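Below is one structure; the comments refer to it alone.
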Amino acid sequence: MELINKERLWETVHALAAITIEGKPWTRRSFTAKYNEGREWLKNQMQDIGLEVEVDAAANVIGRLIGTEPNLPSIVIGSHTDTVPDGGRFDGIAGVLAGLEIVQSLKEQNIQLKHTIEIVDFTAEEPSEYGLSTVGSRAWSGNLTTEMLSYTNADGQSLAEAISFAGGNPKEINKCLKEKDEIALYLELHIEQGPVLINKNANLGVVTGIVGIQRFKIFVDGLPNHAGTTPMDMRNDALTAASEMTLAIERIAGKKYEQPVVGTVGVFNNFPNASNVVPGKVEFQVEIRSISEEVIDQVASQFLSEANSIASRRNVGLKTEKVSRSKAIIVRDEIKHLLENSCRTVTDKVIELPSGAGHDANQMSLLAPVGMIFIPCKDGRSHCPEEWAEKEDLYLGTKALLSAVLEFSK
Ligand code: HGY
Ligand code: MN
Ligand code: MN
């Protein structure tokens, strides 16, 4: 019997994707009722397969297939089921359900590995309303601090309360901490979320490294005033100042460095946001990504000093806050070779490439060797309703992942 059921895998991906906010394309934001609904569906799938199901203190959903030598460190296959607003149907979902299909196929064929395999839906991989991303895998790696648990959303609710709402227990978050020797290998299948595989006509990608991400919150304080009576040379306009800072990060990140780097402002809130009021306050977020930690630091310091000079020239207040920093990681050669060989069991159109997207693998690399397999996504697009992957590529990627697990656990 063929290992990996292509049709079943495709159906489960679309069944989970369909659990989305009515009227909004593919949205299941972390810490919402819709997110919990999707995870209830996932837990039922895990139970139906006969896995041991656990929800840990960080609300990570874990399905376990116990190995013949349960004292061995486990093999973890993970990703996430939360989305960005107006997201797609494959980012995160593909990885969790590829893992589920693997353990379901092993069970159906009575193939028992010596390693226990854990399929994990990590809580809130995407930047949440609390500003933090990779919340669940941070709890495993020890990078979810008490201060982070007190981060609040726009309504003043804390991340700790949100974790409780998702089924976790923030008071026992330190019970999630994994020791170095608990995990033998972390693997993740993911859509590339970029154009490289498509442009190189490759079916699969072996990830060589994952960017580090530095995120800041920027608070610009001007002077709210009447838009009709305040002359142009007597304004402390928070929005025009914040706009100049936004263009500054675009220009600074657009320069040449030893390694590629990107800088983005994706969150931008203007107050009081009325057509006849000179903006008094702007809160926006900057993120800087590169495979090189030094380049991230170079761009960050140039940006912060330029933001300060813009603030003083425009006579507005400026406060900057470091929200999070995930380290860039390089995949170990032996894991790249393992994945290259396993990909080549299903296709010869395999290339190596770095990941411009962050993943739970960034945190998991602090605990175990990590590896990622990418599948192409249509037009290289992601984090949008048009995000799409082909059934065949998802099938090939999942078969390759299974072959890597079988090889590693031999
Ligand atoms: O933002 C990212 O890089 C990932 O999609 N969470
Ligand atoms: Mn994403
Ligand atoms: Mn993702």
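The values are calculated or read from the model by the stated rules, or taken from the named source; none is laboratory data. Note that the structure is a prediction, hence the values are computed from the model and not measured. Cβ coordinates were reconstructed from backbone atoms using ideal geometry, including for glycine residues, and neighbour counts include every protein chain displayed. Note: accessible area is taken over every heavy atom of the protein model, side chains too, but ligands, DNA and RNA are not part of it. Shrake-Rupley method; radii C 1.70, N 1.55, O 1.52, S 1.80 Å.
A few notes on this one:
- Subset of region 97-126 (residues that are part of a loop (DSSP other than H, G, I, E, B) and more than 16 Å from ligand 2 (Cβ to nearest atom)): Q109, N110, I111, Q112, L113, K114, H115, T116
- Each residue in region 1-52 was checked for being among the polar types (S, T, N, Q), in a loop (DSSP other than H, G, I, E, B) and either under 29 Å from T116 (Cα atoms) or not assigned by TED's automatic domain parsing to the domain that holds S128 (or both), and 2 pass.
- Test: residue in region 348-363 that is surrounded by fewer than 24 Cβ atoms within 10 Å (Cβ to Cβ) and hydroxyl-bearing (S, T, Y): no
- Complete set of residues in region 333-364 that are part of a loop (DSSP other than H, G, I, E, B) and within 27 Å of T83 (Cα to Cα): G356, A357, G358, H359
- Selection over region 381-398 of residues that are open to solvent by less than 50 Å² (accessible area, probe 1.4 Å) and away from ligand 1 (no atom under 16 Å from the Cβ) gives a count of 6.
- Subset of region 50-66 that is in contact (Cβ under 8 Å) with a residue 40 or more places away in the chain and open to solvent by 10 Å² or more (accessible area, probe 1.4 Å) - its residue that is farthest from S382 (Cα to Cα): I66
- Residue list for region 10-28, restricted to those being under 26 Å from A166 (Cβ atoms) and buried (at least 16 other Cβ atoms within 10 Å of the Cβ): T12, V13, L16, A17, I19, T20, I21, P25, W26, T27, R28
- Residue selected from region 284-297 under the condition surrounded by 19 or more Cβ atoms within 10 Å (Cβ to Cβ) and not β-branched (V, I, T), by the criterion farthest from L223 (Cα to Cα): S290
- For K322, the stated conditions hold: it is in contact (Cβ under 8 Å) with a residue 12 or more places away in the chain, out of contact with any Leu (no Cβ under 7 Å at 6 or more places or on another chain) and part of a strand (DSSP E or B).
- Cβ-Cβ distances below 8 Å connect the following pairs, each with a first residue in region 290-305 that is within 16 Å of V265 (Cα to Cα), a second residue that is among the hydroxyl-bearing types (S, T, Y), and a separation of six or more residues or different chains: S290/Y257; I296/S290; V299/Y257; V299/S290; L304/T320.
- Subset tally (residues that are closer than 15 Å to T320 by Cα, open to solvent by 30 Å² or more (accessible area, probe 1.4 Å) and touching a residue at least 40 places away in the same chain (Cβ under 8 Å)) for region 243-280: 0
- Test: residue in region 82-98 that is at positive phi and either open to solvent by 10 Å² or more (accessible area, probe 1.4 Å) or not assigned by TED's automatic domain parsing to the domain that holds L42 (or both): yes
- Matching option when the condition is touching a Gly at 6+ places or on another chain (Cβ under 6 Å) and more than 13 Å from ligand 3 (Cβ to nearest atom), among I111, I77: I77
- Some residue of region 247-260 being in contact with a Ser or Thr (Cβ under 9 Å, 6 or more places away or on another chain) and within 23 Å of N153 (Cα to Cα): no
- Within region 190-206, considering residues that are of a type outside the set (S, T, N, Q) and in contact with a Leu (Cβ under 7 Å, 6 or more places away or on another chain), the one most open to solvent (accessible area, probe 1.4 Å): V196
- On inspection, K319 fails the criterion of being touching a strand residue (DSSP E or B) at 6+ places or on another chain (Cβ under 9 Å), more than 17 Å from V282 (Cα to Cα) and of a type in the set (K, R).
- A184 vs. criteria surrounded by fewer than 23 Cβ atoms within 10 Å (Cβ to Cβ) and not in a loop (DSSP other than H, G, I, E, B): yes
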